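The values are calculated or read from the model by the stated rules, or taken from the named source; none is laboratory data. Just so we're clear, the structure is a prediction, and the values are computed from it rather than from any experiment. With ideal geometry, Cβ positions are generated from the backbone for all residues, glycine too; neighbour counts draw on all protein chains shown.
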Amino acid sequence: MRIGLNATCFNDRPSGANRRFFSIYGEVIRQNPEIEFFIYEAADYPAARHFSGAANVIARPTPLPSVGRIERTLRGAAFWPRTLPADGLDLFETFSLPVIIGAPCPMLLTIHDLRPIRREEPLIARLMAKAVLHHGFSAARHVIAVSETVKDEISSIRRGVAVSTVYNGIDVGAFATPDMGCRWAVPQEFLLSVGHIEPRKNFGLLVDAVALLRAQGLARPLVLVGRDGGGMATLRRRIAGQGVGDLVTIIEDADHGAVRALYERCRMVAVPSRYEGFGIPLLEAMAARRALVTSDIPVFRELTEEWGTCFPVDDAKAAAVVIERIWSDAGERARLVAHGAERVKSFDIETPARRIGALYRELASASAIRSRADVKEWKRS
C-alpha cells in the first residue's frame, strides 16, 4: 500500500498541528512497515527528515511554501496534478485547506479546529472559509477530527460527513526526565500558561486576575510562554495598564525542553482560551503532574472529563478566585494532580497511531471494492 502525506503545511514553528504530525505520524510509520509513505515536503522545510530512520518513507520535495495558504494553493494547482498520478497512491491524507482538486485516489482530511468560521471572524472571511470547508468535506472520503468537540462542530455545519475522532497524544515519559535547568530568571513559585500570544488564547484574562489578586495583597507571579501570534503588543499594553509588569514574565523563545523545565518549576498551570479544537497544554500539565485550571469551554471539559476546575472566559474575578483557591490549597492541588496523572494515560502516542493505520486499511479496502464494482458496471454497459 502507498500512502501520501501532504506535509507542505508543516515546519519548525511551535504549534499543536506540527507536534501532532511529527509525533503521532512517526509512530504510524513505525507501526506499519509494510506501507510506503510518501512525505510531500514544503519547499522551506524538509519534514521527512523527522522520519529519516524509517525504510518505508519516501521524501517528495515540492515547490509549495509552508506559510502562505494562497501561494501554496496556487503553486499546488500546477504541482499536484502532475505528481500524484505518477506516485500511484492508494490513499492521500491532507492536513490543510483548501484540499487538492482531483486527487487520483481517496482523500483523508484532518481538521484541527473550525476557528475560521467562528463569529469573531469578519463576515466575508467567514463565508469564504465555510465555502472552503464544505468543498473539503465533499472532496474527502473521510475526515479526522482531533476531538469529539470538533467532530460535533463539523456535524453541526455539514450532516452526513464521515468523521472519526483521533485524539492528540503525548509522551508522558519525556516529563519524567530531570530538570535540565532554566535559563530565564523566573520566580521560585509561579502560575504558568503556554500558547501563542494571540487574542483567542485570552492571556489578558490572567493578567487581569493577577492584578485583582495584587489588589487584595496577594502577589501571584505569572509566566506566559509563547511566540507572538498577533496579540503581543496588546498584551504588553494590558500588563502595563494593570501595573503588574513586575509580576508577569513573557518568554518567547522556549523550545520543548525549556517548556518542560518550566512546567516542572511552576506551582500550577492555567489555560484561559476562548476557543480550541484540542488543548495540548492540558496534556502537558497532566504529564508534568501540575494542578490545572482552565476556562470553561467544551473541549476542555471533554479532555478533563469535567473533573477540572474552571472559570468563565470573560470573568477575571472568577478566574482570580479559582487561581487563589488552588494556589493556596495543597490538598486540592494534589487532587487535581492525581486526576490528571490518571487521565493523561488515555492520550498515549500509540493509540491514535493504531487508529490512523486502521483507517488507512479501511479506506483503501473500500476504495478497492468500489473500483472493482465500477469495472464490473463498465463491462456490463
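Checking the condition under 23 Å from Ser147 (Cβ atoms), aromatic (Phe, Trp, Tyr) and modelled with pLDDT of 95 or more, which residue from Phe10, Phe92, Phe38 passes?
Phe10
Does any residue of segment 26-36 turn out to be assigned by TED's automatic domain parsing to the domain that holds Ala364, of a type in the set (Lys, Arg) and within 19 Å of Gly169 (Cα to Cα)?
Within segment 26-36 (the criterion being assigned by TED's automatic domain parsing to the domain that holds Ala364, of a type in the set (Lys, Arg) and within 19 Å of Gly169 (Cα to Cα)), the answer is yes, since at least one residue qualifies.
Would segment 169-188 turn up any residue that is outside any helix (DSSP H, G or I) and within 30 Å of Arg119 (Cβ to Cβ)?
no
Could you list, in sequence order, all residues of segment 101-125 that are within 19 Å of Leu363 (Cα to Cα) and under 22 Å from the mean Cα position of the chain (by Cα)?
Within segment 101-125, Met107, Leu108, Leu109, Thr110, Ile111 qualify.
Within segment 13-20, does at least one residue satisfy the condition of being surrounded by 21 or more Cβ atoms within 10 Å (Cβ to Cβ), touching a strand residue (DSSP E or B) at 6+ places or on another chain (Cβ under 9 Å) and in the same structural domain as Phe137 (by TED's automatic domain parsing)?
Within segment 13-20, one or more residues are surrounded by 21 or more Cβ atoms within 10 Å (Cβ to Cβ), touching a strand residue (DSSP E or B) at 6+ places or on another chain (Cβ under 9 Å) and in the same structural domain as Phe137 (by TED's automatic domain parsing).
On the given criteria, is Asp152 under 23 Å from Glu306 (Cβ atoms) and in a loop (DSSP other than H, G, I, E, B)?
Spelling it out, it is not the case that Asp152 is under 23 Å from Glu306 (Cβ atoms) and in a loop (DSSP other than H, G, I, E, B).
Could you list, in sequence order, all residues of segment 234-253 that are surrounded by 18 or more Cβ atoms within 10 Å (Cβ to Cβ) and over 14 Å from Phe190 (Cβ atoms)?
Hits for segment 234-253 are Leu235, Arg238, Ile239, Gln242.
Output the number of residues of segment 317-364 satisfying the condition of being more than 30 Å from Ala219 (Cβ to Cβ), surrounded by 16 or more Cβ atoms within 10 Å (Cβ to Cβ) and over 23 Å from the mean Cα position of the chain (by Cα).
Residues flagged as more than 30 Å from Ala219 (Cβ to Cβ), surrounded by 16 or more Cβ atoms within 10 Å (Cβ to Cβ) and over 23 Å from the mean Cα position of the chain (by Cα) within segment 317-364 amount to 2.
For segment 70-99, name all the residues that are more than 20 Å from Leu359 (Cα to Cα) and either in contact with a Ser or Thr (Cβ under 7 Å, 6 or more places away or on another chain) or hydroxyl-bearing (Ser, Thr, Tyr) (or both). Even if it seems obvious, please write down each step before you answer.
From segment 70-99, those more than 20 Å from Leu359 (Cα to Cα) are 70-87, 97-98; that's our starting set.
Hits for segment 70-99 are Arg72, Thr73, Phe79, Thr83, Pro98.
For segment 356-364, does any single residue satisfy the condition of being outside any helix (DSSP H, G or I), modelled with pLDDT of 95 or more and more than 27 Å from Arg200 (Cβ to Cβ)? It would help to see each step written out before you state the result.
Let us first name the residues in segment 356-364 that are outside any helix (DSSP H, G or I), namely none.
No, that holds for no residue.
Scan segment 120-129 and tell me whether some residue there is basic (Lys, Arg), within 30 Å of His256 (Cβ to Cβ) and in a helix (DSSP H, G or I).
Taking every residue of segment 120-129 in turn, none turns out to be basic (Lys, Arg), within 30 Å of His256 (Cβ to Cβ) and in a helix (DSSP H, G or I).
What is the number of the single condition among (1) touching a Gly at 6+ places or on another chain (Cβ under 8 Å); (2) in a helix (DSSP H, G or I); (3) buried (at least 17 other Cβ atoms within 10 Å of the Cβ) that Arg301 does not meet?
Single failed check for Arg301: (3).
Is it the case that Val99 is assigned to a loop (DSSP other than H, G, I, E, B), surrounded by fewer than 16 Cβ atoms within 10 Å (Cβ to Cβ) and of a type in the set (A, V, I, L, M, F, W, C)?
no
List every residue pair whose Cβ atoms lie under 8 Å apart, where the two residues are 6 or more positions apart in sequence or sit on different chains, the first residue falls within segment 100-118 and is not assigned by TED's automatic domain parsing to the domain that holds Pro81, and the second residue, located anywhere, is among the basic types (Lys, Arg).
Note: no pairs meet the criteria.
State yes or no: is Glu305 at positive phi and touching a residue at least 12 places away in the same chain (Cβ under 8 Å)? Steps first, answer last, please.
Numbers: at positive phi: yes; touching a residue at least 12 places away in the same chain (Cβ under 8 Å): yes.
So Glu305 fits the description; yes.
Residue check, Ser156 against (1) closer than 22 Å to Pro281 by Cβ; (2) without any contact (Cβ under 8 Å) to a residue 40 or more places away in the chain, all met but one. Which one?
(1)
Report whether or not Gly231 is surrounded by fewer than 17 Cβ atoms within 10 Å (Cβ to Cβ) and farther than 27 Å from Val172 by Cα.
When the stated conditions are applied, Gly231 does not pass them.
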